[in-house]
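Inspection log for the structure reproduced underneath, given as structure tokens.
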Amino acid sequence: MTDDDLWGRAHVDPLVGVRAPGDPPWDVYLTGTVFLDIIFTGLDSAPVRGTESWARGMGSSPGGIANMATALARLGLRTSLAAAFGDDHYGEYCWDALEQGEGIDLATSRTVPHWHSPVTVSMAYEGERTMVSHGHEPPPEEPAPDRPPRARAAVAALTPGTTAPWIAEAAREGTRIFADVGWDDTGRWDLSGLADLEHCEAFLPNAEEAMRYTRTDCPRAAAHALGERVPLAVVTLGAEGAYAVDGRTGESAEVPAIRVAALDPTGAGDVFVAGFVTGTLAGWPLADRLAFAGLTAALSVQDFGGSLSAPGWSEIAAWWRRVQQYEDQDPTALTRYAFLEALLPATSRPWPLRRAVPTIGFRHSA
């Protein structure tokens, strides 16, 4: 771990005000597939069939569920990840990057003999990305643990028509489940098919997913409909920000997105969820949670890669100091983020910050 990485964490514990003796050892538990991400940057356009394209930059990092785990760890949450790792050099690299580089607990993870790591090649250009992936499912004798470690919260990806036993087990132990969902390839978009939704405290789909599941034509109406099924419904609105409904109190909140020059959107959704989980566990007001989640996601898209671009508290502090220096800032917009003052480290470095992009085999960052 480099000095820059250590500084990037800034020793901020967002949960310091709520920690107590007897708390679970982990703040967040996750399980899923870790990919090796290879990111090509500096492409002038999309690759053209029959030609060779040269990228001006390249990086590699753990991807897949590692994007979420890294985002949580960099925000100061004690994070535990259960995942299968290949016994190739890619798997070793990803394991070391997560455990040694990010401080993520891998006690429930395992190395699978004779299984190669899934790989994704991502090409970023014009603010978009194109990805090609390859991998195989780990052997069936290598499942995620049915009994996860004690944690304040867990992040789960719901799959239509299937259940994950660990979700119900974690919920019975008092773990608060935050869930998102992928595209429903069946086309049914049936909420009853998301059997594990009943165990969830928060559900965070995007606007299109939310409207399809609720048969509505407005993402805000969809959020209210989802609020009848889960305690917290959060609908991301892309460039418009996010809208949330607390189904227990009827409270709703909407926060606009921060406009930034997006270089690569990889992992932005994971960073948004990590920011919202952080604010929820810390007991912040609903609007502050949305604002923080949106801010962390906005900072992440200004750099390349998924886990590479997840911001830490130093990036957040540097942004806050810098943004207040602009004379044409809307005072009301600045007030929206004033709650950060009590959280941020007293010093920060110039913003935007750029983390070194690691390449497999290099011992030291440039």
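Pull up segment 231-269, narrow it to residues that are of a type in the set (Asp, Glu) and open to solvent by less than 40 Å² (accessible area, probe 1.4 Å), then point me to the one that is farthest from Leu43 (Cα to Cα).
So, considering only residues that are of a type in the set (Asp, Glu) and open to solvent by less than 40 Å² (accessible area, probe 1.4 Å), the one farthest from Leu43 (Cα to Cα) is Asp246.
Which of the residues that make up segment 80-120 are more than 22 Å from His136 (Cβ to Cβ) and either of a type in the set (A, V, I, L, M, F, W, C) or out of contact with any Phe, Trp or Tyr (no Cβ under 7 Å at 6 or more places or on another chain) (or both)?
Answer for segment 80-120, where residues must be more than 22 Å from His136 (Cβ to Cβ) and either of a type in the set (A, V, I, L, M, F, W, C) or out of contact with any Phe, Trp or Tyr (no Cβ under 7 Å at 6 or more places or on another chain) (or both): Asp96, Glu99, Gln100, Gly101, Glu102, Gly103, Ile104, Ala107.
Return the only residue of Leu334, Leu353, Leu340 being over 28 Å from Gly57 (Cβ atoms), open to solvent by less than 80 Å² (accessible area, probe 1.4 Å) and modelled with pLDDT under 90.
So the residue among Leu334, Leu353, Leu340 that is over 28 Å from Gly57 (Cβ atoms), open to solvent by less than 80 Å² (accessible area, probe 1.4 Å) and modelled with pLDDT under 90 is Leu334.
Among the strands (runs of 3 or more DSSP E) contained in segment 39-143, which hold 2 or more residues that are out of contact with any helix residue (DSSP H, G or I) (no Cβ under 9 Å at 6 or more places or on another chain)?
It comes to 57-64, 119-125, 128-134.
Condition test on Glu169, is it free of Cβ contacts under 8 Å to residues at least 40 places away in the same chain, open to solvent by 80 Å² or more (accessible area, probe 1.4 Å) and out of contact with any Phe, Trp or Tyr (no Cβ under 6 Å at 6 or more places or on another chain)?
No.
Looking for something open to solvent by less than 30 Å² (accessible area, probe 1.4 Å), aromatic (Phe, Trp, Tyr) and in a loop (DSSP other than H, G, I, E, B) - is there at least one such residue anywhere in segment 175-197?
yes
Among the residues of segment 144-158, are any acidic (Asp, Glu), farther than 26 Å from Gly294 by Cβ and assigned to a loop (DSSP other than H, G, I, E, B)? Write out each step before concluding.
Filtering segment 144-158 for residues acidic (Asp, Glu) gives 146.
If we keep only those that are farther than 26 Å from Gly294 by Cβ too, we end up with 146.
Right, trim to assigned to a loop (DSSP other than H, G, I, E, B) and you get 146.
The answer is yes; a qualifying residue exists.
Among the residues of segment 270-306, write down those that are crowded, with 20+ Cβ neighbours inside 10 Å and aromatic (Phe, Trp, Tyr).
Phe272, Phe276, Phe292, Phe304
Restricting segment 58-80 to residues that are closer than 16 Å to Ile39 by Cα and not small (Gly, Ala, Ser), which is nearest to the chain's Cα centre (by Cα)?
Going through the qualifying residues, I end up with Asn67.
Please find, among Arg74, Arg49, the residue that is open to solvent by 50 Å² or more (accessible area, probe 1.4 Å) and of a type in the set (Lys, Arg). Before the answer, list the steps.
Numbers: Arg74 fails: open to solvent by 50 Å² or more (accessible area, probe 1.4 Å).
Result: Arg49 is the single residue among Arg74, Arg49 that is open to solvent by 50 Å² or more (accessible area, probe 1.4 Å) and of a type in the set (Lys, Arg).
For the subset of segment 249-267 comprising residues that are charged (D, E, K, R) and at pLDDT below 95, which member is farthest from Ile316 (Cα to Cα)?
At the first step, the residues of segment 249-267 found to be charged (D, E, K, R) are 251, 254, 259, 264.
When the remaining residues are screened for being at pLDDT below 95, the result is 259, 264.
On the way: Arg259: 15, Asp264: 18 Å.
Only one residue tops the list, namely Asp264.
Do we find that Gly193 is among the small types (Gly, Ala, Ser) and more than 23 Å from Asp105 (Cα to Cα) in this structure?
Yes.
Looking at Glu128, Glu99 in this structure, which one is without any contact (Cβ under 8 Å) to a residue 40 or more places away in the chain and either open to solvent by 30 Å² or more (accessible area, probe 1.4 Å) or hydroxyl-bearing (Ser, Thr, Tyr) (or both)?
Glu99
If we keep just the residues of segment 7-35 that are over 13 Å from Arg152 (Cβ atoms) and exposed (fewer than 13 other Cβ atoms within 10 Å of the Cβ), which is modelled with the lowest pLDDT?
Across segment 7-35, the extreme among qualifying residues is His11.
The values are calculated or read from the model by the stated rules, or taken from the named source; none is laboratory data. Keep in mind that this is a model prediction, so the values were computed, not measured. Reconstructed Cβ throughout: ideal geometry from the backbone, glycine too, with neighbour counts over all protein chains shown. Please note that ligands, DNA and RNA were not included when accessible areas were found on the heavy atoms of the full protein model with its side chains. Shrake-Rupley method; radii C 1.70, N 1.55, O 1.52, S 1.80 Å.
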